[in-house]
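Okay, so here's the structure we're looking at.
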Amino acid sequence: MKIPPYKDRIIYQIYPLSFKDSNNDGIGDINGIISELPYLKSLGIGIIWLSPIYDSPMHDNGYDIRDYYKINPMFGTMDDFDNLLKKANELDIKIVMDLVINHTSNEHKWFKEALSNPNSKYRNYYIFEKGKNGKVPNNWQSAFSGTCWEKVPNEDDMYYMHLYTKEQPDLNYKNEEVIKEVENILEFYLKKGVYGFRCDVINQIYKTSLKNGKFRLFGRGKEYYESQPMNHVILKRLQDEVIKKYGAFLVGETSNVTPEIGNIFLKNCELDMFFEFEHSFCDENKLLPILKKKFKPKNLIKPIFKWQESVPWLGVYLENHDQRRSVSRYGSDKYYKESAKALSVFLLSLKGTIFIYEGEEIGMTDYKNYSYEDLNDCASISTINTAMRLLHLSRDKVFKMINETINRDHARSPMQWDNTNNAGFNNGTKTWLKVNENYKDGINVKDELNDPNSILHFYKKMISFRNSSEALKFGEFNRVKSNKNVAKFIRKFNDSTLLIIVNLSSKNIKDKDVVDKNILINTESNILNGELKPYQAIIREID
Ligand code: NOJ
């Protein structure tokens, strides 16, 4: 059977604002990405996922699209994008775009028309609804806190829905024309040679009814808009009528997905893979995510293992643009390098398509010196305002709290290329978000390339190991009983069986399988005699 590239290659996520700024205006751009393609090739990357580069007023950094057929001038032009596709293709790197179709920007021409003219056909492109007894139409919430309804100016008692910010009105998937518009967008980019799409909040697009949701602290209403039967039907149609024709693929961002629902997405070929989020909540307080919860390795290992066992394939990640940096969350200050390497062994040994987020390969960390004035993330700003209002906490207090929990800016600081001005992100005077100062302490690509013991060198080794290992790429997954701080599992394909043992703690841990026999990967250089050092990880070939 022919293996599709998305099952055979590692995907690298680029957040275009922060990757590389070629014209020194403080904002990353397409030409910057082109200039670093050889770096990605040498890293062993086969596919790039680009966070949105479409024209946008940037209320949610591009996840609010004003024109799907235009490139945001801050990133370049359509010619630059075509050039990126060409240059990437020359290096045999494929490009995946972000598809944001649950909502558009409120500056999209469809929405502007819908708002200014109630009789226009575009009204039915969105979800407009009369209020109830002088109040919003229902009790649903926006994912970024507060109601998901915004009053239509100059109209009596009329609202529109936005599951995210009010600048991101939701599209109406009960309207056939909206689905046609999406098919046209897909075709437009597939014809250019794009290999697939990462589909933003794709299991929320269809709203079955607008009844009040049952009481919950967060996500009220989701029983009527998450993974609805018609959502499955629409995705299947997009696949059958468009995606398959081009041999392309879809990876879905699917919030609150369960193994049952995930398996439906896969079995019916609605999505080729999806992201689960259970493990990414392992250090979040369920009732109040802005409250810090102490990280325990077993709380990360358990959900990851559960998903490895529950579905035949999935998108596997530790970082993305919405999460704090993994080494800051799950690693250690004291054993910084060791823990980053251990996380790389864990990530790159799992079953599924591996996603690496820009900077993860050099061990980029969360900010330390950062103030409210520096904050850019719209979700954090909205959460701070709500928490101040409802919990009567001071702004500084909430800011401190979100900084240790949900602040998405942490992963969005400019990529650290070298130890010159602005970490080599650009050669100008400004950057759109502050550069993390620790680029001066050796956390940057250039310094790490010069250090054979660096995190970057280790990633390269691990990526190349995975790229050439059938067991890691296609093997079955089996957990092995171990100490609770250790992720221990087997990957097996035909005659090749690999045992992976990862210590995710700062303790020395005894394990009888940690022996000097058929060692293929070792994050340390010690002789193995039945004990793992703090954050040590090994891979052995076994019979
Ligand atoms: C998920 C994206 O990853 C996030 O960055 C964005 O804010 C929301 N979807 C809304 O589009």
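Of all residues in the stretch 465-481, those satisfying the criterion of being open to solvent by 20 Å² or more (accessible area, probe 1.4 Å) and either assigned to a helix (DSSP H, G or I) or closer than 23 Å to Ile34 by Cα (or both) are Phe465, Asn467, Glu470, Lys473, Phe474. Within the set Asp511, Asp516, the sole residue that is in contact with a Ser or Thr (Cβ under 7 Å, 6 or more places away or on another chain) and not hydrophobic (A, V, I, L, M, F, W, C) turns out to be Asp511. Taking into account only those residues within the stretch 202-231 that are surrounded by fewer than 22 Cβ atoms within 10 Å (Cβ to Cβ), among the aliphatic types (A, V, I, L, M) and modelled with pLDDT of 95 or more, which is nearest to Tyr164 (Cα to Cα)? Of everything passing the filter in the stretch 202-231, Leu210 is nearest to Tyr164 (Cα to Cα). When the residues of the stretch 128-146 are filtered to those that are part of a loop (DSSP other than H, G, I, E, B) and within 16 Å of the ligand (Cβ to nearest atom), the one that is most open to solvent (accessible area, probe 1.4 Å) is Ala143. Inside the stretch 81-127, can you point out the residues that are in a helix (DSSP H, G or I) and over 27 Å from Phe249 (Cα atoms)? Once the filter is applied, which keeps residues that are in a helix (DSSP H, G or I) and over 27 Å from Phe249 (Cα atoms), the stretch 81-127 yields Lys109, Trp110, Phe111, Lys112, Glu113, Ala114, Leu115, Ser116, Lys121, Tyr122, Arg123, Asn124.
Per the listing Asp82, Asp98, the residue uniquely within 16 Å of the ligand (Cβ to nearest atom), touching a residue at least 60 places away in the same chain (Cβ under 8 Å) and of a type in the set (D, E, K, R) is Asp98.
Is at least one residue of the stretch 357-380 within 16 Å of the ligand (Cβ to nearest atom) and of a type in the set (A, V, I, L, M)? Yes: one or more hits. Using the structure shown, decide if Lys192 is closer than 18 Å to Ala114 by Cβ, charged (D, E, K, R) and more than 16 Å from the ligand (Cβ to nearest atom). No; evaluated as a whole, the condition is false for this residue. Looking at (1) assigned to a helix (DSSP H, G or I); (2) open to solvent by 50 Å² or more (accessible area, probe 1.4 Å); (3) hydrophobic (A, V, I, L, M, F, W, C), find the lone condition where Leu186 falls short. For Leu186, the failing item is (2). Selection of the stretch 157-168 for residues being open to solvent by less than 10 Å² (accessible area, probe 1.4 Å) and more than 12 Å from the ligand (Cβ to nearest atom) yields only Met161. Whether any residue in the stretch 52-70 is within 16 Å of Glu181 (Cβ to Cβ), buried (at least 16 other Cβ atoms within 10 Å of the Cβ) and over 21 Å from the mean Cα position of the chain (by Cα) is what I want to check. Scanning the stretch 52-70 turns up at least one residue that is within 16 Å of Glu181 (Cβ to Cβ), buried (at least 16 other Cβ atoms within 10 Å of the Cβ) and over 21 Å from the mean Cα position of the chain (by Cα). If we only count helices (runs of 4 or more DSSP H) wholly inside the stretch 297-357, which ones have 1 or more residues that are over 17 Å from the mean Cα position of the chain (by Cα) and without any contact (Cβ under 8 Å) to a residue 40 or more places away in the chain? Result: 297-310, 336-348. Among the residues making up the stretch 60-76, those that are more than 16 Å from the ligand (Cβ to nearest atom) and either free of Cβ contacts under 8 Å to residues at least 24 places away in the same chain or acidic (Asp, Glu) (or both) are Asp67, Lys70, Pro73.
The condition of being within 16 Å of the ligand (Cβ to nearest atom) and at positive phi holds for only one of Asn320, Asn231, Asn256, that being Asn256.
Ser326 satisfies every condition listed in (1) in contact with a helix residue (DSSP H, G or I) (Cβ under 6 Å, 6 or more places away or on another chain); (2) open to solvent by 20 Å² or more (accessible area, probe 1.4 Å) except (2).
Could you please let me know if Pro38 is within 16 Å of the ligand (Cβ to nearest atom) and open to solvent by 10 Å² or more (accessible area, probe 1.4 Å)? For Pro38, the condition - within 16 Å of the ligand (Cβ to nearest atom) and open to solvent by 10 Å² or more (accessible area, probe 1.4 Å) - is not met.
Across the stretch 44-59, the number of residues qualifying as more than 13 Å from the ligand (Cβ to nearest atom) and out of contact with any helix residue (DSSP H, G or I) (no Cβ under 6 Å at 6 or more places or on another chain) comes to 6.
Applying the set (1) of a type outside the set (S, T, N, Q); (2) modelled with pLDDT under 95; (3) buried (at least 19 other Cβ atoms within 10 Å of the Cβ) to Met462 leaves exactly one unmet item: (2). Answer yes or no as to whether Arg408 is more than 16 Å from the ligand (Cβ to nearest atom) and either over 30 Å from Asp272 (Cα atoms) or open to solvent by 20 Å² or more (accessible area, probe 1.4 Å) (or both). In short, no.
The values are calculated or read from the model by the stated rules, or taken from the named source; none is laboratory data. Since this is a predicted model, take the numbers as computed values, not measurements. We place every Cβ from the backbone using ideal geometry, glycine too, and count neighbours over all the protein chains shown. Quick note on the areas: whole protein, heavy atoms, side chains included, nothing else; ligands and nucleic acids left out. Shrake-Rupley method; radii C 1.70, N 1.55, O 1.52, S 1.80 Å.
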